[in-house]
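*Asks:* Sending over a structure as structure tokens; questions will come in a sec.
The values are calculated or read from the model by the stated rules, or taken from the named source; none is laboratory data. Small disclaimer: the values here were computed from a predicted structure and weren't measured. A quick note on method: Cβ atoms are made from the backbone with ideal geometry, for glycine too, and the neighbour counts reach across all protein chains shown. Keep in mind that these areas ignore ligands, DNA and RNA; they rest on the heavy atoms of the full protein, side chains included. Shrake-Rupley method; radii C 1.70, N 1.55, O 1.52, S 1.80 Å.
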Amino acid sequence: MYEKADVWQGTLALMVLKTLDSLGPQHGYGIARRIEQTSGQLLSLNYGTLYPALLKLEQEGAIESEWGVSENNRKAKFYRLTRAGRKQLAREQRSWEQATAIIGRFLAPKGEAV
Amino acid sequence: MKAVRAFVRRLHGLFAKKRLEREISAELESHLELHVADNLDAGMPPQEALRAALMKLGGWSAAKEAYRDRSTLPLLENVLLDLRFAARQFGRNPAFAATAVIVLSLGICAASAIFAFVDAALLKPMPYKDPARLVAVDESSAMFQRSNLSYFDYLDWKRLNKAFASLDVYTGAGYLLKTSDGVKPVNAATVSADFFETLAITPVLGRTFQTGEELSSASNGCVYLRILAETVWRETRRHWPHSRAQRRTVHNHRRAACELSVCTARQCRTLDTSAPG
């Protein structure tokens, strides 16, 4: 079976951006749960590392934050994508797809034309 | 660009410590609350719920520290802390602090001055072609290691010279120069004809002396053969045409040829300040 893998630093930013793109504005806890869920529980995310990553994205201008109220009436800080964040997401998505396509050709089973 | 923006934000974070501390605490607390609520909904007992939430966070202090480190510049912060500590220590021992500062500044100033002098005098090469091949030749006597040389002895040396590619002589002189601000003294040197060729200096304007010129000029009654440093030329160029005309009208029975040649200021400055042979 698959092992639960540790999350890479750079890809965490991409996952956060994609999550915010899909879910809309969300608080840190919600983002973390959603990432774990999307990965099919294959990723073990240390929630403590999420907040510095969120802060980094905010400092770079990809996301912005404001305090709001969650579904169960608790105060929480909500994050949402900015225009720059959307562009960054599209860019990184493209480069990831390219990278996986290239590697996929190398790892293609024998007998297939390369 | 993103990195610059992030850096500026973090720099800003250095000065908003209290506010940041409050925000970090508030956000992590709200995170825990949400997580604990979920755990309780999932049926965990309260103690277990809190423990699980903390563990998943990676520890309260670790999480807070990681968050805090990202919001400021930890390196700079440490430097500032060290500086404050140092200032406090100095405050406690003003005598020691004053002594240390004085000694350090004396040492630094002395070292800089010595280096500047050595750099200018020894390390920077002279602006002549092949300075390693330039030598100073002196007469020596019982009283003086480097004593003055008579012009006629020089002429004999030059005639008998087999050791040097060229042999020229110079001595110091001084003139009063008429400038727009009045008259000022300038350093000068009196040199033999091939002097500039020996040093391989070519003038910016005009030409250098030619061999035998000093003899022919004396017979023509001309005494003014000069090569000016560029700075001097710039200061006095207004006067030259004027004085040339003046000389022509006043001493019209002598041809006063005022040859004007200019060499670069740095080369001539080195010339002027060197000790006469």
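*Asks:* Note the count of lysine pairs whose C-alpha atoms are less than 29 angstrom apart in chain A, limited to pairs 8 or more residues apart or on different chains.
*Replies:* Within chain A, the lysine pair count is 12.
*Asks:* While we're here: Test of understanding: what is the full-extension gain from B:Ala120 to B:Ala62, defined as 0.36 nm times their sequence separation minus their Cα-Cα distance?
*Replies:* Here the answer is 15.2 nm.
*Asks:* Hey, another quick one. Using only the Cα atoms of the range B:17-149, each taken as one equal point scatterer with no solvent, compute I(q) by the Debye sum, divide by I(0), and report log10 of the ratio at q = 0.15, 0.17 Å⁻¹.
*Replies:* -0.94, -1.04
*Asks:* Count, for each residue of B:22-35, the Cβ atoms from other chains sitting within 10 Å of its Cβ, then give me the mean as a whole number.
*Replies:* Values: counts 0, 3, 2, 0, 4, 11, 4, 1, 9, 11, 2, 6, 12, 4.
Average per residue, whole number: 5.
*Asks:* Here's something else I'd like to know. First compute the accessible area of the range B:78-129 with a 1.4 Å probe, then give the percent of it belonging to carbon and sulfur atoms.
*Replies:* Here carbon and sulfur together make up 77 percent of the probe-accessible area.
*Asks:* Just to be sure I understand the model, the point goes 7 Å from the Cα along the line to the Cβ. What's the resulting B:Glu139 to B:Lys17 distance in nm?
*Replies:* Each label point is offset 7 Å from its Cα along the Cβ direction, giving 7.9 nm.
*Asks:* Explain nothing, just the number: dipole magnitude of the range B:1-152 about its Cα centre with +1 on each Lys and Arg Cβ and -1 on each Asp and Glu Cβ, in debye rounded to the nearest 20.
*Replies:* For the range B:1-152, the charge dipole is close to 360 debye.
*Asks:* For B:Lys162 and B:Ser112, what is the calculated FRET efficiency with R₀ set at 56 Å and r taken between the beta-carbons, to the nearest 0.05? Mind dumping the intermediate values first?
*Replies:* Numbers: r = 46 Å, r/R0 = 0.83.
It comes to 0.75.
*Asks:* Give me the distance in nm between label points sitting 7 Å out from Cα along the Cα-to-Cβ direction at A:Ser44 and B:Arg146, one decimal.
*Replies:* 8.1 nm
*Asks:* Looking at the square roots a ≥ b ≥ c of the eigenvalues of the Cα gyration tensor of the range B:142-196, which shape do they give, rounded for a/c under 1.5, prolate if a/b is larger than b/c, or oblate? If you can, show how the numbers build up before the last one.
*Replies:* On the way: a/c = 3.86, a/b = 2.03, b/c = 1.90.
Verdict is prolate for the range B:142-196.
*Asks:* Nearest 0.05, what FRET efficiency do B:Val4 and A:Ala99 give at R0 = 25 Å with Cβ-Cβ as r?
*Replies:* After rounding, the FRET efficiency stands at 0.40.
*Asks:* Dividing the Cα convex hull volume of chain A by residue count, how many Å³ per residue is that?
*Replies:* Value for chain A: 123 Å³ per residue.
*Asks:* How big is the B-A contact in terms of buried accessible area, both chains counted, 1.4 Å probe, rounded to the nearest 100 Å²? Don't skip to the end; give the middle numbers.
*Replies:* Working: alone 20390 and 8260 Å², together 26300 Å².
When B and A are taken together, about 2300 Å² of accessible area is lost.
*Asks:* Mind giving me the nanometre distance, one decimal, between the label points for B:Lys178 and B:Ala26, set 7 Å out from Cα along Cα→Cβ?
*Replies:* 8.4 nm
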